[in-house]
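Nothing in this text is a laboratory measurement; each read-out follows from the coordinates by a stated rule. Quick caveat, the model's predicted, so the values are computed rather than measured. For neighbour counting, all protein chains shown are included, and Cβ atoms are generated from backbone atoms with ideal geometry for every residue, glycine included.
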Amino acid sequence: MAKVGVQLMMVRDKVADEGMFGVLQRVSGLGYEAVEVSQIPMDAANVAGLERGREELGLQVAAVSVALKKGATATGDALDTDFAKIVEDCRRLKCRFARIGMMPFEAMVSKEAVVRFADETEAAAQRLAAEGVTLAYHNHHVDFAKHDGETLFDIVRRVSPSVHFEIDVHWVQRGGRSPVEVLAEVAGKVELVHLKDYRVATLPPAALELLAAGDFAGFMQAFANLVQFAEVGAGNIAFGPVIGQALASGAEYLLVEQDELYGRDAYDCLADSMAHIRSLGY
């Protein structure tokens, strides 16, 4: 059975305030069995906290986040400058997966740019595989945009055969695809899955104020942007079929993530998500 874990970007502020091990104690107490590291520095203190969490709490480190190249929007460890450290961290934490959370923005603008990114990612995946680490690529909605009739996601699949995938079901749905169908398409190469719900918010009163003031463009911007991130079970994704297909496709880690909390405490959100997952029998 796959382990249910936490994408630690949800609690990055708490890690800064409480320390890594203190946060791991809290998420372990909520019933989570694994974590994925993202938007948190892999410095000596945090790596030591993760190692302690594994040894004392039994929490597995599902994956660490890496960038293909160091850059202004990729401030963590990068495969071009920190390769040896990434491999060392994975070995120390008994972590089998590194994941690229998003292709660079400049790779999204043309087919040639996507192919170039995918070529470089394939080379990185082969280099990591030689060290016993599998490289996974995490999708967003933009991955289902098309160049010459082929989605960015499918270009990466075609050009990077050594790369595995971390399917984020919210971003799949926001990209206009069925999470169940996409999970089926990448069966055998999807050990990591993000469980993130998709909620449509009600129209805020402020939007009506824009309409009354004659700002129709402002009203339409508010009306067209009602999608929210949500706790698992608080939106409109049917997670029973999603989790069932994830497991059938080979998922080893089901990682709860919520990009925005809308004023709620992260631990409360994680507790609600775990309660729904348990209600489904997992």
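Arranged from highest to lowest average of other beta-carbon atoms within 10 Å per residue, in what order do the peptides 108-115, 36-43, 212-219 appear?
My ranking of the peptides, most packed first, is 36-43, 108-115, 212-219.
Counting only pairs 8 or more places apart or on different chains, how many lysine pairs in the chain have C-alpha atoms closer than 23 Å?
13
What are the ³J(HN,Hα) couplings of segment 62-71, residue after residue, when phi is run through the Karplus curve with 6.51, -1.76, 1.60 and θ = phi - 60°? Round to Hz, x for glycine and proline.
Coupling constants for segment 62-71: 5, 6, 10, 8, 9, 9, 5, 9, 5, x Hz.
In whole Hz, what ³J(HN,Hα) sequence does segment 109-125 give by Karplus (6.51, -1.76, 1.60; θ = phi - 60°), x for Gly and Pro?
Rounded to whole hertz, the list is 8, 8, 5, 4, 5, 5, 4, 4, 4, 5, 4, 5, 5, 4, 4, 5, 5.
So, R0 is 41 Å and r is the distance between the beta-carbons of E112 and L280; what FRET efficiency does that work out to, to 0.05?
My answer for the efficiency is 0.45.
Can you tell me the dipole magnitude for the chain around its Cα centre, using point charges on the Cβ only (Lys, Arg +1; Asp, Glu -1), in Debye to the nearest 20? Before the final figure, lay out each step's value.
Working: 27 positive and 40 negative charges, 94 e Å.
Magnitude of the dipole: close to 460 debye.
Just to be sure I understand: of the beta bridges DSSP finds with both ends in segment 1-116, what percent are antiparallel, rounded to 5?
Roughly 10 percent of the beta bridges in segment 1-116 run antiparallel, per DSSP.
Between A224 and H141, what is 0.36 nm times their sequence separation minus the Cα-Cα distance? Round to one decimal in nm.
28.3 nm is the gain from fully extending A224 to H141.
Report the one residue of A224, A251, Y32 whose Cα lies farthest in the direction of the positive end of the charge dipole of the chain (charges on C-beta: Lys and Arg +1, Asp and Glu -1; origin at the Cα centre).
A251
Could you give each residue of segment 30-45 its phi-based ³J(HN,Hα) in whole Hz, using Karplus coefficients 6.51, -1.76, 1.60 with θ = phi - 60°, and x for Gly or Pro?
Whole-Hz 3J(HN,Hα) from phi for segment 30-45: 7, x, 7, 10, 7, 9, 10, 9, 7, 6, 10, x, 8, 8, 4, 5.
Take peptides 94-102, 145-153, 203-211, 53-61 and line them up by average Cβ neighbours within 10 Å, highest first, as a rough protection proxy. Could you put the intermediate results ahead of the total?
Working: 94-102: 19.7, 145-153: 15.2, 203-211: 13.3, 53-61: 17.4.
Descending mean neighbour count gives 94-102, 53-61, 145-153, 203-211.
Evaluate segment 205-274: find the radius of gyration of its Cα atoms, find its Kirkwood radius, and give the ratio Rg to Rh.
Numbers: Rg = 17.4 Å, Rh = 14.9 Å.
Using only Cα positions, Rg/Rh for segment 205-274 is 1.17.
Counting only DSSP beta bridges with both residues in segment 177-282, what percent are antiparallel, rounded to the nearest 5? Please list the in-between numbers first.
On the way: 4 of 8 bridges.
If I count the DSSP bridges inside segment 177-282, around 50 percent turn out antiparallel.
So I have (i) 24.5, 69; (ii) 19.1, 62; (iii) 20.0, 63, and one of them is Rg and Dmax of the Cα atoms in Å calculated from this model. Which one is it?
Only one option fits the structure, namely (ii).
Net charge near H140, counting Lys/Arg +1 and Asp/Glu -1 over other residues with Cβ under 14 Å of its Cβ?
Here the count lands on -1.
Using R₀ = 35 Å, calculate the FRET efficiency as 1/(1 + (r/R₀)^6) where r is the Cβ-Cβ separation of L203 and E131; round to 0.05.
According to the calculation, E is roughly 0.10.
Over all distinct Cα pairs, what is the inverse of the mean 1/r for segment 130-282, reported as the Kirkwood hydrodynamic radius in Å? Please report the intermediate quantities before stating the final value.
Details: mean 1/r = 0.0586 Å⁻¹.
Hydrodynamic radius (Kirkwood, Cα pairs) of segment 130-282 is 17.1 Å.
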